[in-house]
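The values are calculated or read from the model by the stated rules, or taken from the named source; none is laboratory data. Nothing here was measured: the structure is a model prediction, and the numbers come from that model. Note that each Cβ is placed from the backbone with ideal geometry, even for glycine, and that neighbours are counted across all protein chains shown. When the accessible area is computed, the model is the full protein with side chains, heavy atoms only, and any ligands, DNA or RNA have been set aside. Shrake-Rupley method; radii C 1.70, N 1.55, O 1.52, S 1.80 Å.
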Amino acid sequence: NWGLSRRIFSRMSNFLARNVLKISLHDFTNGFRIYSKRSTKKIIQKCGNIGDGFIILSEIIVVLHNNHYKIDETASKFVNRKRGESSVNLSLIVASFLGLIKLFFIKSKLK
């Protein structure tokens, strides 16, 4: 039940992340994840330098990928919230895009 603009944003952001970062993952923006204890320690140690918002999810993937951690996906079904509003706005979209560009330039250093 997403609007057209939200669907376009989601597909574009995943397309950009997949092609800019060269990591074959389908959904970079899904925050519903499970991490091992070892990967959690690496995330705490290395992540959070690019920015906050959605870009932290991509930064985590880059760090885990660069350190040869196993990354797997399973299908999940997104259900729209019944209360409240989305936090997605133009400034978050711009910040995420700029964060993706930063990740592109420093991804090899994120180990």
Among (1) among the polar types (S, T, N, Q); (2) farther than 20 Å from Phe97 by Cβ; (3) modelled with pLDDT under 90, Asn49 falls short only on (2)
Against the definition (touching a residue at least 40 places away in the same chain (Cβ under 8 Å), open to solvent by 70 Å² or more (accessible area, probe 1.4 Å) and within 21 Å of Lys102 (Cβ to Cβ)), how does His65 come out, yes or no? yes
Quick check: is even one residue across the stretch 31-41 over 24 Å from Gly3 (Cα atoms) and hydrophobic (A, V, I, L, M, F, W, C)? yes
Which condition number does Ile56 fail, the rest of (1) surrounded by fewer than 15 Cβ atoms within 10 Å (Cβ to Cβ); (2) free of Cβ contacts under 8 Å to residues at least 24 places away in the same chain being met? (1)
Select from the stretch 14-42 the residues that are surrounded by 10 or more Cβ atoms within 10 Å (Cβ to Cβ) and at pLDDT below 90 and write down the one among them that is farthest from the chain's Cα centre (by Cα). Asn30
Among the residues of the stretch 89-104, is there at least one that is open to solvent by less than 30 Å² (accessible area, probe 1.4 Å), at pLDDT 85 or above, aliphatic (A, V, I, L, M) and in a helix (DSSP H, G or I)? yes
Using the structure shown, decide if Thr40 is assigned to a loop (DSSP other than H, G, I, E, B) and β-branched (Val, Ile, Thr). no
Kindly provide the set of residues from the stretch 57-88 that are over 17 Å from Ser10 (Cβ atoms) and not in a loop (DSSP other than H, G, I, E, B), ordered by number. Glu59, Ile60, Val62, Val63, Leu64, His65, Asn66
Going through the stretch 1-13 one residue at a time, which ones are under 15 Å from Phe54 (Cβ atoms), of a type in the set (Lys, Arg) and open to solvent by 70 Å² or more (accessible area, probe 1.4 Å)? Arg11
Name the pairs: first residue in the stretch 27-44 and under 12 Å from Ile71 (Cα atoms), second residue open to solvent by less than 100 Å² (accessible area, probe 1.4 Å) and assigned to a loop (DSSP other than H, G, I, E, B), Cβ to Cβ under 6 Å, at least 6 apart or on different chains? Ser39/Tyr69
